[in-house]
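Derivation of every value follows stated rules applied to the coordinates shown; laboratory data play no part. Every value quoted in this text rests on a predicted model; they were computed, and no experiment measured them. Heads up, the Cβs are rebuilt from the backbone with ideal geometry, glycines too, and the neighbour counts pull from every protein chain shown.
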Amino acid sequence: MLIPVCNERLPVRLEICVQSAKALPVMNKSINSTDAFVEVRFLETVDKTEVITSLNPVWNSEQFVFDTDEKELTEEWLQLRVMDHDTYSANDAIGRVNVDCNVFLERMRLAKSEVFEETFTMRVYDTIYGNRGELTLSIKMHLLMQYNPKNYVQIMSTSFVPTCLRVSDIFGLVDNIRCEKDPDYEWLDKIRTPRATNEARQNAIRVTMRDAMMGIAQKAYKMGGNAIIGVHESVDMEGSASDLLTCRVIGTCVKVVHGNFQPAPYGKPIKPILTIDKLPAERYEHSCEYQFSKLYFFRQVGLGSLLTCRSIQILNEDENPETVRRDYWVALRAEIFQQARSVGCNLVVGYSESVNVNDSVALLTCTGTAVVLSDGSEPANTNNGPNESSARNSPVVIRDSSEKEIKEKKALFKFNGSEGREKRSDSAPRAFRCNQFHCPNHETKYHTPSKTFACSYCKNGLVGEFILSTQQCPPPQYYAGPRNFIQVSVCKKIASDPNETSDYAADIGNALPYSDHELIGNLLTEAKSVYPLGNAIFAVDITNAVCDDSLVCIITGVLVRLLVIQKTEAASPSITNVLSFSSLQRQHDARRFSWGTVRDAIRFKPTVQSNLTLKILNIKQSMDDNNSSSAKSRLRLNTIVDKVRRKQHKEYVSHVVFERHMSLSIGIHENQSAGNATSIAGVHLSNSLYPHFVNKDVIEGMLPIARFCDVFVREDLTTAVRDSTTVDGFVTNALEERITTIKSILSLGGSNAVVANMKISCPQFNVSKEHAHIILLVSVDFYNLP
């Protein structure tokens with residue numbers, strides 16, 4: 001996303017031609033057809049095509065011309081509304097197509113072209129019925145003036161700086177918050193249709209999110225940066241407590257220059273919290289394209305610990321809600337950085353934030369990894385260890401008898417898939433810098449309870465017995481054996497009534513320390529079960545979920561065996577170990593599966609291959625004793641049974657929705673990044689998508705050509721969503737529609753475009769007796785593969 005930040009408005013001419021539509025629904029049953037036309041709206045200007053009676057109308061309309069500027073193209077969306085014409089009543093809505101013209105603007109500016117013309121097909125979307133056909137249109141855009149690259153800020157989801165760019169300065173965390181009145185709680189909602197309410201909410205979130213993006217670009221520009229990397233956006237639906245929806249955007253502000261210019265080494269970040277998991281200097285060190293001689297820069301020379309900081313807040317109707325919520329996060333960031341300082345570190349990387357709202361109680365969570373940033377006195381082309389030449393050709397220099405034994409087991413050594421260590425030559429050197437995993441050598445305020453050992457590589461530094469980090473998995477030369485996904489969860493019961501806000505918030509706060517302690521204990525136990533030789537978990541992601549009577553904490557990561565940590569011999573199998581393992585396995589099976597889900601899976605037989613799979617994390621539902629009082633004893637037995645059944649059914653549906661919402665909050669897993677991916681909860685993309693949907697390692701070092709982010713509201717008013725099978729069908733259909741939409745807009749990125757860094761979040765999901773309602777926030781990056 002390329003956002004103009006200057007006050008000068010560069011003129012742009014936008015020309016739209018509506019060509020045709022396909023597979024529209026039947027709106028006029030008397031003639032089994034549709035009187036279709038299209039409204040084209042940009043800003044306050046509205047144009048219409050002619051009416052054609054067909055399910056596959058062809059308009060080839062005249063050119064609709066809009067004279068605008070770059071800032072308006074970034075702030076506003078082009079809206080096309082497909083309608084059914086009625087002579088004696090109001091026209092019926094078929095669906096909408098929203099086009100983000102900033103995608104074209106970014107492509108043109110990066111390609112340095114003045115004219116853009118392309119024809120593409122997009123899905124017609126309706127908040128009640130989903131996708132309802134396709135609309136083909138052509139767009140022509142003229143940039144009427146030359147631009148100055150200094151007046152733009154580029155926003156990227158990737159955590160890596162592309163190889164064509166160099167970082168000249170890094171400023172640290174930049175954030176922005178925007179609050180807006182939720183249309184669902186306006187007085188107008190009582191008289192308008194559900195479709196109008198959904199479209200109002202969808203538009204309000206879209207406008208507020210774009211406003212937040214514009215604001216964070218302005219902040220980065222004032223700090224001196226021209227790019228924001230590692231961007232995360234979130235939407236918090238606060239409900240009736242404040243009647244607000246809050247859009248939050250965070251990222252890492254940097255200043256980049258083109259690759260043919262060698263900048264001076266950047267200094268320490270002004271704000272020592274980064275959303276990226278690795279310093280940009282690390283990219284230069286592992287790059288074979290650029291060779292540096294006597295270049296000094298700051299880089300990671302120590303690894304502290306996993307940091308987590310939480311806060312419980314009671315939401316109210318504040319006069320200045322944006323300031324209040326910003327103060328919440330400022331306090332949490334100060335606390336998490338203080339935690340990093342207490343363990344001898346001076347920087348937080350892999351930072352993320354999340355909010356979970358239940359009634360009027362909000363649980364705020366921030367997570368990161370404490371690392372040690374060097375003082376800049378170390379040259380870039382130095383390697384730690386006793387022998388530099390051997391370090392470049394082998395991940396392990398000191399080979400004792402235990403390492404030779406591991407070498408014979410070829411299954412444990414897998415570098416870049418099936419490529420073995422013997423296939424690497426001196427022409428492709430691999431740097432091995434072990435000090436990035438060393439424990440901080442500064443004096444810490446608190447004594448660390450974990451054991452430390454001498455580094456297996458350099459024998460000088462100390463490394464922890466087990467490493468937990470939000471950073472991504474290191475390159476293959478740093479670990480041996482497979483990579484395995486690992487996931488555990490903890491559920492704590494909340495005894496207080498949610499209507500008693502203060503007591504309810506206090507009980508959640510009291511349960512958090514115990515859940516963290518149990519969560520880490522379960523994680524280490526699970527690690528020994530999944531991979532006994534594993535000693536480090538990277539890409540750690542913590543998800544919290546709160547419902548009326550439960551607090552659920554989930555931790556997900558990738559388990560590997562780091563070579564810098566001494567190998568510990570796995571315990572020999574004994575009767576005690578076998579019995580404990582069986583007990584643990586039964587516990588895991590009970591947590592991941594239930595007979596209800598097995599029966600639902602048997603009944604539900606999909607006829608087509610799904611583009612994705614939502615793996616559900618099953619939480620054991622508490623069963624309350626329904627003891628009838630003396631007053632109820634006077635009622636008839638069938639009345640009592642009917643009431644109990646209705647109550648149990650309502651609790652059952654609520655529990656099913658909570659599990660699905662929680663599993664959606666975990667996010668998307670890249671199945672190719674580790675083994676046993678299908679055994680953990682979350683969203684799993686099908687392998688059939690990967691010609692166009694690629695993993696992060698495929699596009700690493702490439703420059704994104706465009707970024708797309710949008711929100712989708714979906715509602716079902718048929719009252720058919722009433723059990724786990726129908727809830728799963730509703731969620732799966734909503735996710736499938738998002739994949740189909742992304743496929744249709746893939747052409748916006750060009751002929752060779754692919755999708756990467758895809759993120760799906762679920763700000764709201766609820767099911768009642770009358771309807772089912774879900775909100776999905778989707779963001780992707782477009783890349784052009786050579």
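List of remarks:
- Relative pair counts by distance (%), Cα atoms of the stretch 695-762, 5 Å bins: 3, 12, 22, 19, 15, 11, 8, 6, 3, 1
- Taking other Cβ atoms within 10 Å as a rough exposure proxy, Thr726, Thr193 sort from fewest to most as Thr193, Thr726.
- Charge dipole of the stretch 1-147 (Cα centre as origin; +1 on each Lys and Arg Cβ, -1 on each Asp and Glu Cβ, all else neutral): 400 debye, rounded to the nearest 20.
- Extension gain, Asn148 back to Asn687 (0.36 nm per residue minus Cα-Cα distance, nm): 189.8 nm
- Integer Hz, Karplus 6.51/-1.76/1.60 couplings in order for the stretch 228-235, x for Gly and Pro: 10, 10, x, 7, 10, 10, 9, 10
- Cut-off 17 Å, label 7 Å out along Cα→Cβ of Ser30, residues of the stretch 91-105 by amide N: 91-92
- Computed on the stretch 1-147, the Cα convex hull volume stands at 113 Å³ per residue.
- Database remark: amide H of Ser33 closer than 5 angstrom to the amide H of Met27, Asn28 (H placed geometrically; neighbours at sequence offset of 5 or more, or on other chains; Pro and chain starts carry no H).
- Separation between Cα centres of the stretch 352-375 and the stretch 477-515, rounded to whole Å: 13 Å
- Within the shell defined by Cβ-Cβ distances under 12 Å, the residues around Gln218 carry a net charge of +2, with Lys and Arg each +1 and Asp and Glu each -1.
- Protection proxy ranking of 494-502, 80-88, by the mean of other Cβ atoms within 10 Å over each peptide's residues and highest first, is 80-88, 494-502.
- For the stretch 760-776, 3J(HN,Hα) per residue [Karplus equation, 6.51 cos²θ - 1.76 cosθ + 1.60, θ = phi - 60°, Hz, x = Gly/Pro]: 10, 10, 10, x, 8, 8, 8, 10, 10, 5, 8, 7, 10, 9, 9, 10, 10
- Residue list for the stretch 744-786, given a label point 7 angstrom along the Cα-to-Cβ vector of Glu118 and an amide N cut-off under 16 Å: 744-756, 780-786
- Annotation: the residues Thr197, Thr323, sorted from fewest to most other C-beta atoms within 10 Å of their own C-beta, follow the order Thr323, Thr197.
- Extension gain (nm, one decimal) between Glu319 and Ala111, 0.36 nm per residue minus Cα-Cα: 70.3 nm
- A simple packing score, the average count of other Cβ atoms within 10 Å per residue, orders the peptides 219-231, 330-342 as 219-231, 330-342, with the highest score first.
- Placing a pseudo-label 7 Å from each Cα along the Cα-to-Cβ vector at Ile520 and Leu703 gives an inter-label distance of 4.4 nm.
- Near-label residues of the stretch 27-46 by backbone N, under 19 Å of a point 7 Å along Cα→Cβ of Thr740: 27, 34
- Within-9-Å neighbourhood charge of Arg178 [Cβ basis; K, R +1; D, E -1]: -2
- Cβ-defined net charge surrounding Asn695, 13 Å radius [Lys, Arg +1; Asp, Glu -1]: -2
- The peptide list 184-191, 301-308, put in order of mean Cβ contacts within 10 Å with the highest first, becomes 301-308, 184-191.
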